[in-house]
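Asker: Following this message is one structure expressed as structure tokens.
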Amino acid sequence: MKTIFTTIFTTIFASGLFAGLAFAQTPSYTVTDLGPMGGTFGSAYGINYEGRVAGAANLPNGNTHAFLSGFPGDIFDVGTLGGPNSNEGGLNASYQMAIFAETSKKDPLGENFCGFGTPYICLAAIWNGVMTPLPTLGGNNGIAFAINDRGQVAGIAENSAKDPSCVAPQVLDFEAVLWGPNPGQVQALPPLSGDTVGFALWLNNNGQVVGSSGTCANTVLVPLAVGPHAVLWENGSPIALGSLGGTMIAAAAGINDLGEVDGATDLASEIPGFPGVQVHGFLWTKATGIVDIGTVGTDFSSLPTSINNNGQIVGSSCDNMGNCRAFLWQNKVMTDLNALLPANSPLYLMSAFGLNDAGEIAGMALETSTGEVHAFVATPGQSPAASKDFSPVSPVTAKPMALPENVRKLLGQRLRLGRLGTQLAQPR
């Protein structure tokens with residue numbers, strides 16, 4: 001493991017004052033490179049209150065496995081359900097993980113439900129030292145995207161209805177699902193009126209669930225899970241969150257325990273020379289409704305992932321070529337997370353996925369000397385403004401780094417918001 005330390009302040013604030021100011025200013029960060037698992041790719045997707053991290057990385061044979069980080073930072077391979085691949089969706093305070101993993105059984109319908117590109121059935125699962133599959137709604141496949149501290153799991157499951165309107169290779173309809181907290185419990189979360197399918201991406205500790213719904217003709221899971229209507233489920237009932245003017249894409253990606261929701265939708269306006277799908281992040285509350293949180297500088301799109309109980313949001317901000325940088329949004333300002341690192345950092349933070357209430361961030365970074373993609377954890381320190389040795393890149397005027405084409409493609413496939421990725425920003 002490699003650790004990059006930002007400047008340590010010599011001034012010590014009284015604890016009460018520091019607590020009041022902890023989230024009033026943007027801090028600098030210590031970044032820990034978790035490395036890969038024998039391959040060249042790794043990404044961290046979830047982080048709990050203790051800073052334990054869960055994610056996925058590829059092996060020397062090219063297969064992808066979910067992992068849980070240990071102390072002081074080693075990576076533990078949690079395996080699969082008998083097939084070649086698995087991925088991680090979320091991590092709770094008890095180190096339980098939401099997983100989707102392949103079995104050794106081939107899908108009789110030839111779907112590619114989890115996007116691994118193999119012929120095997122993929123199931124939602126929970127990991128608690130051992131991996132336990134979760135039931136579907138009568139179909140073959142499922143995905144678990146998130147788990148709360150009560151042990152409830154949110155995700156997607158197929159039912160048994162064959163739908164000719166589905167985008168190939170999908171055959172069966174699928175629904176947003178809430179599993180648990182008791183073993184064997186599974187609750188289908190209905191789509192909005194007029195929609196026929198849906199998917200859930202996150203939930204909070206109160207059991208509120210967020211995601212998207214649509215029809216099988218306009219809602220796809222592979223290579224990117226994209227639906228037209230952002231949804232909040234309360235007590236099992238769907239609530240439409242609206243959009244920022246567009247009609248093609250809207251998904252809610254995260255929700256905190258206050259009921260505040262982040263996500264992204266397309267905008268109403270089209271830009272000449274582009275596919276007409278410019279996506280901006282949003283913050284939704286019951287008091288304000290849906291509000292555009294913009295991008296970093298003049299970037300084309302922003303894709304939020306997680307929101308914590310302090311109202312901080314993380315995600316990716318991308319230019320019109322699909323070059324992305326991780327962002328931190330707080331106090332109504334979106335900042336390039338790379339601007340909060342020392343200028344000589346060997347990691348370029350491309351996307352932030354996980355965020356806890358301590359402000360610790362987990363995500364995916366480019367190791368600039370090797371071109372490998374590594375999982376990272378960023379731990380907040382103090383404000384860089386007081387450090388004479390800190391020389392950040394301007395978060396307003398700087399453009400994102402031009403990423404290698406293979407990395408841009410990989411990033412687009414791995415971005416959460418149901419893998420809503422940088423392909424949405426590609427030019428014609």
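Asker: Give the shape of the range 231-314 as rounded, prolate or oblate, defined through the alpha-carbon gyration tensor: a ≥ b ≥ c are the square roots of its eigenvalues, a/c under 1.5 means rounded, and otherwise the shape is prolate if a/b is larger than b/c and oblate if not.
Answerer: Oblate shape, in that a/c is at least 1.5 and b/c is the bigger or equal ratio.
Asker: Now for a different question. With just the Cα atoms defining each centre, how far is the range 159-228 from the range 279-336? Give it in Å.
Answerer: If we compute the Cα centre of each part, the gap is 24 Å.
Asker: Also, I was wondering about something else. Across the range 116-123, in residue order, what do the Karplus-derived ³J(HN,Hα) couplings come to in whole Hz, using 6.51 cos²θ - 1.76 cosθ + 1.60 with θ = phi - 60° and x for Gly and Pro?
Answerer: 7, x, 10, x, 8, 5, 10, 10
Asker: Heavy atoms of the protein only, probe of 1.4 Å, neighbouring chains included. What is the accessible area of HIS374 in Å², nearest 10?
Answerer: 10 Å²
The values are calculated or read from the model by the stated rules, or taken from the named source; none is laboratory data. Note that the structure is predicted; figures quoted are calculated from it, not measured. Accessible surface is based on the protein model in full, side chains and every heavy atom, while ligands, DNA and RNA are left aside. Shrake-Rupley method; radii C 1.70, N 1.55, O 1.52, S 1.80 Å.
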